[in-house]
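The values are calculated or read from the model by the stated rules, or taken from the named source; none is laboratory data. For clarity, every value in this text was computed on a predicted model and none was experimentally measured. Heads up, the Cβs are rebuilt from the backbone with ideal geometry, glycines too, and the neighbour counts pull from every protein chain shown.
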Amino acid sequence: MSLTKKSSTASARVRPVSNGKRKIYFTIGPTHTFNGFDKCLDSALKKGIPSISHRGREFEEVFKHTTSSLKKMLNIPEGFHYFFMGSATETMERIIENCCEKESFHFINGAFSKRFYQTAVDLKKNAMKFEAPAGEGFDFFRAHIPESAEVVCFTHNETATGVSIDMDDVYGLRKSYPDKIFALDIVSSAPTVKVDFTKIDCAFFSVQKGFGLPAGLGVLLVNDRCIDTALELQAKGINIGSYHNFPTMLKTEERKNTPETPNVLAIYELGYVCDLYNKKGVAKIRKETEAKAKLIYEFLDSHSELKAFVKKPQWRSKTVIVAETPRGSADVIKKLSKHGFVVGPGYGEFKDKQIRIANFPMHEIADVKRMLRVLKNK
């Protein structure tokens, strides 16, 4: 056997990860940090970003840069406002407090869409729901949203079950219910999901998934309609929250800062990664995401044991891929970890029965192929 052939054969094998070799995190969030995160962090430290005042000129520049880069990347129109918070879960509470006096309506097909609903219940609103079984999408034609509902809440990509909804269905409902506020959770699908922001009123995400950053920052995008609603509720004497209500956050946003000391480092990092995504092109990122998802689903559809939890292709998420593990998830996770790939277990009741594989912009197609080779080899 020649040296060339021997080398080629060896490179085709999947070897266990060696000590000190960096693992590849296909976890849903926090996930693998984006390529270049070390340079981003180094840049932030050299500029003293973690130490600057959120009331100073330097932070104003960071705020303006990040929101401008985010606006370009997601094609956010004028009339939207950028609020930075501690988490995406917090934004659910702020939306209900500021946009709902009495009634909200929720599409539920997993734990995180249910969390949005439960938030409204905990805030003593009359929360109504249209629920689908785990692993399934919705028949939107069967949904009847009562006239009394003020806010309609959607989870574009259910992180717990790997189900995604078609944005065209959301837009279709908007035509039927133009007077209601449409709130959209894009936590595990931003920035790959293409959203027409002229057809929704608010959207939110966090940075530890599709942006490949450490957890600790939630971003809420709201239009003027949401602001006006919050002001109307406030004028009625209804509690819309304290320092994180929309009118208060609007005042500080106009000055390019925040009501309280925010996660300045994370805001800087978000602007940095948005610049990289803009340079690469969001269209290219979306195309790559689809290609990687296609590889994974084709693998699962042909595997003798591992199968996609979401059966209908039109409901399958491109960014959170859930696989059933008939012999339990622990052994599959252990096997992948041995070779340097970290995936997550199923969520909640499915923890021991499924694995969840993230497919975000920072996940390279070569690593996806290597991971699938490990799963293929019994």
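Consider A183 carefully, then state whether it is under 21 Å from R356 (Cα atoms), crowded, with 16+ Cβ neighbours inside 10 Å and under 23 Å from the mean Cα position of the chain (by Cα).
Considered against the rule, which asks whether it is under 21 Å from R356 (Cα atoms), crowded, with 16+ Cβ neighbours inside 10 Å and under 23 Å from the mean Cα position of the chain (by Cα), A183 comes out as no.
Can you tell which of Y297, Y272 is surrounded by 15 or more Cβ atoms within 10 Å (Cβ to Cβ) and assigned by TED's automatic domain parsing to the domain that holds F360?
Only one candidate qualifies: Y297.
Please work out which residue is farthest from V310 (Cα to Cα), limiting yourself to segment 136-160 and to residues that are out of contact with any helix residue (DSSP H, G or I) (no Cβ under 8 Å at 6 or more places or on another chain) and either surrounded by 15 or more Cβ atoms within 10 Å (Cβ to Cβ) or at pLDDT below 95 (or both).
Ranking the candidates gives A149 first.
More than 30 Å from T261 (Cβ to Cβ), in contact with a Lys or Arg (Cβ under 9 Å, 6 or more places away or on another chain), assigned by TED's automatic domain parsing to the domain that holds T198 and crowded, with 17+ Cβ neighbours inside 10 Å, is that true of S164?
yes
For segment 1-112, which helices (runs of 4 or more DSSP H) that fit wholly inside it have 2 or more residues that are at pLDDT 95 or above, among the polar types (S, T, N, Q) and in the same structural domain as I355 (by TED's automatic domain parsing)?
Counting at least 2 such residues, we get no helices (runs of 4 or more DSSP H) at all.
Does N223 meet the test of being surrounded by 18 or more Cβ atoms within 10 Å (Cβ to Cβ), farther than 24 Å from D122 by Cβ and not basic (K, R)?
yes
Please go through segment 285-331 and pick out each residue that is among the basic types (K, R) and over 23 Å from P191 (Cα atoms).
Those that are among the basic types (K, R) and over 23 Å from P191 (Cα atoms): K307, K311, K312, R327.
Provide a single number: the residues in segment 292-318 that are over 18 Å from H156 (Cβ atoms) and β-branched (V, I, T).
Counting residues in segment 292-318 that are over 18 Å from H156 (Cβ atoms) and β-branched (V, I, T) gives 1.
Starting from segment 52-64, keep only residues that are among the hydroxyl-bearing types (S, T, Y), then list their pairs with residues that are surrounded by 12 or more Cβ atoms within 10 Å (Cβ to Cβ) whose Cβ atoms are within a distance under 8 Å, requiring at least 6 positions of separation or different chains.
S53/F59
Residue under question is K353, and the condition is that it be more than 19 Å from T33 (Cα to Cα), touching a Gly at 6+ places or on another chain (Cβ under 6 Å) and charged (D, E, K, R); does it hold?
It is true that K353 is more than 19 Å from T33 (Cα to Cα), touching a Gly at 6+ places or on another chain (Cβ under 6 Å) and charged (D, E, K, R).
Limited to segment 109-133, what total is found for residues that are touching a residue at least 60 places away in the same chain (Cβ under 8 Å) and among the hydrophobic types (A, V, I, L, M, F, W, C)?
3
Given the options V310, V332, V322, V343, name the one that is within 22 Å of G110 (Cβ to Cβ), surrounded by fewer than 22 Cβ atoms within 10 Å (Cβ to Cβ), among the hydrophobic types (A, V, I, L, M, F, W, C) and not assigned by TED's automatic domain parsing to the domain that holds I76.
V332
Do you know which residues across segment 176-197 are closer than 17 Å to F246 by Cα and either of a type in the set (G, A, S) or in a loop (DSSP other than H, G, I, E, B) (or both)?
Result: A183, single match.
Those residues that are in a strand (DSSP E or B) and in contact (Cβ under 8 Å) with a residue 60 or more places away in the chain, I need them from segment 338-366; list them, please.
Selection gives F341, V342, G344, R356, I357, A358.
Scan G218, G237 and give me the residue that is within 22 Å of K72 (Cβ to Cβ) and either surrounded by 17 or more Cβ atoms within 10 Å (Cβ to Cβ) or modelled with pLDDT of 95 or more (or both).
Going through G218, G237 in turn, just one is within 22 Å of K72 (Cβ to Cβ) and either surrounded by 17 or more Cβ atoms within 10 Å (Cβ to Cβ) or modelled with pLDDT of 95 or more (or both): G218.
Does segment 86-100 contain at least one residue that is touching a Pro at 6+ places or on another chain (Cβ under 8 Å) and either surrounded by 14 or more Cβ atoms within 10 Å (Cβ to Cβ) or among the charged types (D, E, K, R) (or both)?
No, that holds for no residue.
Identify the residue in segment 367-378 that is more than 17 Å from G162 (Cβ to Cβ) and not in a loop (DSSP other than H, G, I, E, B) and, among all such residues, is modelled with the lowest pLDDT.
Result: K376.
What about A190, is it modelled with pLDDT of 95 or more and either more than 24 Å from K287 (Cα to Cα) or surrounded by fewer than 22 Cβ atoms within 10 Å (Cβ to Cβ) (or both)?
no
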